[in-house]
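Nothing in this text is a laboratory measurement; each read-out follows from the coordinates by a stated rule. Computed from a predicted structure; not experimentally measured. Counting neighbours? That spans all protein chains shown, and the Cβs are built from the backbone with ideal geometry, glycine included.
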Amino acid sequence: MSESGMSDKAVLSCRNLGKSYEEGPESVVVLSGLQLELHPGERVAIVGTSGSGKSTLLNLLGGLDTPSEGSVWLAGEELSAL
């Protein structure tokens, strides 16, 4: 526990997260090798230009889409196992 009384354990994390889409013979990489840990009480902002993968990241973190590589963890459990 930290001094604030909140657990230091990440409530949401991703490890080596990646997402790509197939467009004909081409593979379009949207996210690659993303590492992220969010702890209780933290606030974050996801910013970037149009088409940079913000919505894709939120869909992956929320379990609405499956990653092409890596994993998302929610409260210590791998999201794909829930």
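Details
- Alpha-carbon radius of gyration plus Dmax, which is the widest Cα pair, for the stretch 12-81 in Å: 12.6, 44
- Estimated dipole of the stretch 15-82 in Debye, rounded to 20 [Cβ of Lys and Arg +1, of Asp and Glu -1, Cα centre]: 260
- Estimated 222 nm signal from helices in the chain, with DSSP H stretches of n ≥ 4 weighted -39500 (n - 2.57), rounded to 500: -2500 deg cm²/dmol
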